[in-house]
1. What are the residues in segment 38-59 that are farther than 22 Å from residue 137 by Cβ and in contact with a Pro (Cβ under 9 Å, 6 or more places away or on another chain), if any?
2. Taking segment 1-21 on its own, how many of its residues are among the charged types (D, E, K, R) and more than 12 Å from the chain's Cα centre (by Cα)?
3. Would you check if residue 78 is more than 13 Å from the chain's Cα centre (by Cα) and among the hydroxyl-bearing types (Ser, Thr, Tyr)?
4. If you check every pair at least six apart or on different chains, which have Cβ atoms under 8 Å apart with a residue in segment 49-77 that is closer than 15 Å to residue 25 by Cα first and a residue that is part of a loop (DSSP other than H, G, I, E, B) and among the hydroxyl-bearing types (Ser, Thr, Tyr) second?
5. All but one of (1) in contact with a helix residue (DSSP H, G or I) (Cβ under 6 Å, 6 or more places away or on another chain); (2) within 18 Å of residue 24 (Cβ to Cβ) hold for residue 101, so report the exception by its number.
6. Here are some conditions: (1) surrounded by 21 or more Cβ atoms within 10 Å (Cβ to Cβ); (2) touching a Cys at 6+ places or on another chain (Cβ under 9 Å); (3) more than 27 Å from residue 130 (Cα to Cα). Residue 21 meets all but one. Which one does it not meet?
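Bear in mind these aren't lab numbers, they're just calculated from the coordinates by the rules spelled out. Given the structure is predicted, the values throughout are model-derived calculations rather than measurements. Positions of Cβ are backbone-derived with ideal geometry, glycine not excepted, and every protein chain shown enters the neighbour counts.
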Amino acid sequence: MTAVAFHFNVPDKLVYACRFARKAVRSAARLVIVGPPEVLALLDDMLWQLAPQDFVAHCRSDASEELLQASPVVLAPSPHLAPHRDVLLNLGSDVPVGFDAFARLIEVVSSGDPGDRRDARARWRYYAAQGYAIERHDLVIAGAS
């Protein structure tokens, strides 16, 4: 069963996604990040602007098959478009269809957006109703904000 974790009180979801992607790559995990196309476009730009020592090899899901297989991080509007099923990071407002094919799902929740928090509560209720054990990571308590 997919391990589900919510990362709460994130000041900037895109900055957090960049940091999470860097950590995933350094730990040899393969990461798929899903969200709305406009959010993924901004994230793509941010990943390319990281300092050279923080470079994160990545591509979009519409890249060539060769590039998709070689990239440890894939940005996709849907999990179904991902070439691997290790870790899924959701930047969208809905439960990603097909998340259950992944070993891990990370839900990122903003600290300053009431709509995002409301949507996250609905996703939490969905996962709990489906029997998933949910791990909670509060960045304020952890001091990672």
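1. Those that are farther than 22 Å from residue 137 by Cβ and in contact with a Pro (Cβ under 9 Å, 6 or more places away or on another chain): 40, 57, 58.
2. 1
3. In short, no.
4. That search, which allows pairs on different chains as well, returns 57/71; 58/71; 59/71; 68/61; 74/61; 75/61.
5. Evaluating residue 101 over (1) in contact with a helix residue (DSSP H, G or I) (Cβ under 6 Å, 6 or more places away or on another chain); (2) within 18 Å of residue 24 (Cβ to Cβ) leaves (1) as the failure.
6. Every condition holds for residue 21 apart from (2).
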